[in-house]
1. Provide the gained length on full extension for the span residue 72 to residue 32, in nm with one decimal, where the gain is 0.36 nm per separating residue minus the Cα-Cα distance.
2. When the Debye formula is applied to the Cα atoms of region 14-81, each taken as the same point scatterer, what base-10 log of I(q)/I(0) results at q = 0.20, 0.21, 0.29 Å⁻¹?
């Protein structure tokens, strides 16, 4: 017997999507970067499907790593089309 639609949908496994972004901020741009990063974090954390949006600073204060975590590919696609990225 073939599974019904509910059984098929229940068997689909959603995969969490994680992105790691590394960047270096140009000399004299740290204040601007901090402002933009704060705004992006606030907007992204309010988006459905966002599980985490965390910034980490290197000891030199110029290099940063952003760890983005989304519940599935649909959530990250929505993020890329949303206000935080545009």
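Values in this text are rule-based calculations from the coordinates and carry no lab data. A quick note: this is a predicted structure, and the numbers were derived from the prediction, not measured.
1. Values: separation 40, 0.36 × 40 = 14.40 nm, distance 3.07 nm.
Residue separation times 0.36 nm, minus the Cα-Cα distance, leaves 11.3 nm.
2. Log10 I(q)/I(0), no solvent term: -0.81, -0.87, -1.28.
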